[in-house]
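What follows is a single structure, and I will ask about it in a moment.
Derivation of every value follows stated rules applied to the coordinates shown; laboratory data play no part. Computed from a predicted structure; not experimentally measured. Cβ placement follows ideal geometry from the backbone for every residue including glycine, while neighbour counts extend to all protein chains displayed.
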Amino acid sequence: MDRGKLFTVRILAFLILILLYPIAARSQSFMLDNFEEASLREANPGANDYTRYLWSVMDYGAGTTGLTTGDKSAGNKSLLNHYVNGDPEWQFQFYPNTISGGVNHYQYARYFVLNGPWVLNKINRLRFWFKVPSGVSFAGGGDNNFQFGTFLRCTTCDVTSSESDNMHYYHHFDFTYTGQWEQVIIDMHPNHQRSADSNVDEGVLVHPDGEQDYNYFDLLTRFYLHFPYLSLPNADFYMDNFEFYYEPNPENENQVYSIHGTFVPSSNTIRIGWQRNKAENTVKHDVRYSFSDIHSIGWDTAIAAPGGTGIVPPGWGGYNGMYYSTNSIDVSGRSVMYIAVKPQNSSLFKQIAIPISGGTPATTVQAPTAPSGLVVQ
């Protein structure tokens with residue numbers, strides 16, 4: 001190749017890299033835990049109580065927690081909590097509490113991701129996979145039966161506390177047993193703050209304490225999964241692939257949040273649920289689907305879901321859960337279905353991609369040893 005052509009090729013290659021760089025740079029994902037390690041990860045090696053492990057039963061009941069190959073959403077293992085006896089509710093936690101000199105030091109969850117380095121002020125979603133036992137059934141009517149509780153702390157606040165300025169929030173969901181793994185997506189729009197008016201919408205809390213360089217997930221310390229209203233005296237709860245990630249597309253996080261969904265092969269049923277803005281009691285929502293990313297093809301190109309036009313909120317105020325289900329879509333030969341939810345008074349939507357076959361993508365990220373020498377920011 002002569003020098004002129006070689007120069008042209010190099011220029012074109014450079015331009016392609018420039019064009020592709022923003023796409024590559026914006027794609028960020030950090031695995032908090034995929035449970036592929038040989039044993040449960042420890043926050044306090046050598047401790048003889050629940051503070052030893054990053055994952056444990058919280059305040060209620062008893063049972064056993066461990067890694068299992070018996071069922072998983074992806075990879076070779078998942079986390080299983082076999083819950084027995086105790087109070088009639090289940091509460092399970094991620095507990096990043098390291099103890100030094102007998103004093104608690106609550107660390108940020110971002111310190112425990114399996115890959116990095118963490119990018120501050122960027123991550124806007126936390127996704128995990130959940131399989132609930134047969135005793136779980138819908139609350140219905142816009143109510144919830146499950147709470148994902150978060151604790152946030154400012155970067156200059158007391159490290160012996162998991163929160164500051166009452167930054168304890170609840171993300172609400174309404175689950176039912178399907179026998180399948182459910183995808184759950186946590187965003188920066190909680191349902192409720194502790195002791196606040198439950199009928200008032202919290203909005204999207206990008207910078208909940210006013211620190212512009214740290215967002216909701218940067219400040220997250222511990223969190224828990226909780227069924228507060230169900231009697232579950234003897235049940236198995238499976239969890240897998242807790243992953244922080246960046247969603248680059250503008251989504252309607254203000255009006256559609258806490259989205260979750262699953263596919264039930266035996267009945268060809270797609271199920272999704274979400275929360276709406278509490279102040280919009282009469283705004284109807286539309287659901288569309290595609291077997292391609294709807295952010296790429298556009299809302300107008302997606303297909304109106306059967307019975308998914310003009311869904312009316314079933315409840316008012318704090319009873320702001322919504323739900324859609326269908327078994328009328330032919331998914332033969334498909335691997336993923338993209339489902340989008342859009343309030344009728346908005347041009348933006350929220351999307352969830354539900355695997356039809358094959359489960360979640362496997363990860364090759366390996367677990368590190370227990371953290372040491374952590375610096376609290």
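What does the charge add up to near G142, with Lys and Arg as +1, Asp and Glu as -1, over the other residues with Cβ less than 15 Å from its Cβ?
-1
Let me ask something else. Using the number of other C-beta atoms within 10 angstrom as an exposure proxy, rank R125, R194, R276 with the fewest first.
With the fewest neighbours first, R125, R194, R276 line up as R194, R125, R276.
For region 162-172, what does the Karplus curve 6.51 cos²θ - 1.76 cosθ + 1.60, with θ = phi - 60°, yield as ³J(HN,Hα) per residue in whole Hz, taken in order and with x for Gly and Pro?
Working through the residues one at a time gives 7, 9, 9, 6, 6, 7, 10, 10, 10, 10, 9 Hz.
Of L120, L348, L79, which is the most mobile in a GNM of the chain whose springs link Cα atoms less than 10 angstrom apart?
It is L120.
Same structure again: Pick from D293, D236, D197: which residue has the top mean-square fluctuation in a GNM of the chain where Cα pairs under 10 Å get a spring?
Of D293, D236, D197, the Gaussian network model singles out D197 as fluctuating most.
Which ³J(HN,Hα) values in Hz, rounded to whole numbers, follow from the phi angles of region 328-342 under the Karplus curve 6.51 cos²θ - 1.76 cosθ + 1.60, where θ = phi - 60° and Gly and Pro get x?
Each residue's phi maps through the Karplus curve to give 9, 9, 7, 10, 4, x, 9, 10, 9, 10, 9, 10, 10, 10, 9 Hz.
When Lys and Arg each count +1 and Asp and Glu each count -1, what net charge do the other residues less than 9 Å away from H285, Cβ to Cβ, add up to?
Net local charge, H285 excluded: +2.
Summing Lys, Arg as +1 and Asp, Glu as -1, what charge do residues with Cβ under 13 Å from the Cβ of I270 carry, I270 excluded?
+1
Comparing D240, D300, D71, which has the greatest mean-square fluctuation in the GNM of the chain with Cα pairs linked when under 10 Å apart?
The residue with the greatest mean-square fluctuation here is D300.
What are the residues whose amide H is under 5 Å from the amide H of F146, where those residues sit 5 or more places off or on another chain and H is modelled from the backbone?
Under 5 Å from the amide H of F146 lie the amide H atoms of F173, F175, each far enough along the sequence or on another chain.
Once amide H atoms are built 1.01 Å from N in the peptide plane, which residues 5 or more positions from R222, or in another chain, come under 5 Å H to H?
F151
Report, in deg cm²/dmol and to the nearest 500, the calculated mean residue ellipticity at 222 nm for the chain, where each DSSP H run with n ≥ 4 adds -39500 (n - 2.57) and the sum is divided by the residue count.
-2500 deg cm²/dmol
Using alpha-carbon pairs under 8 Å, 6+ residues apart, how would you state the relative contact order of the chain in percent?
20 percent
Enumerate the calculated ³J(HN,Hα) couplings along region 71-84 in order (Karplus 6.51 cos²θ - 1.76 cosθ + 1.60, θ = phi - 60°), each rounded to whole Hz, writing x wherever the residue is Gly or Pro.
7, 7, 7, 6, x, 10, 9, 9, 9, 10, 10, 8, 9, 9
Report the relative contact order of region 252-360, percent, no decimals, based on alpha-carbon pairs under 8 angstrom and at least 6 residues apart.
34 percent
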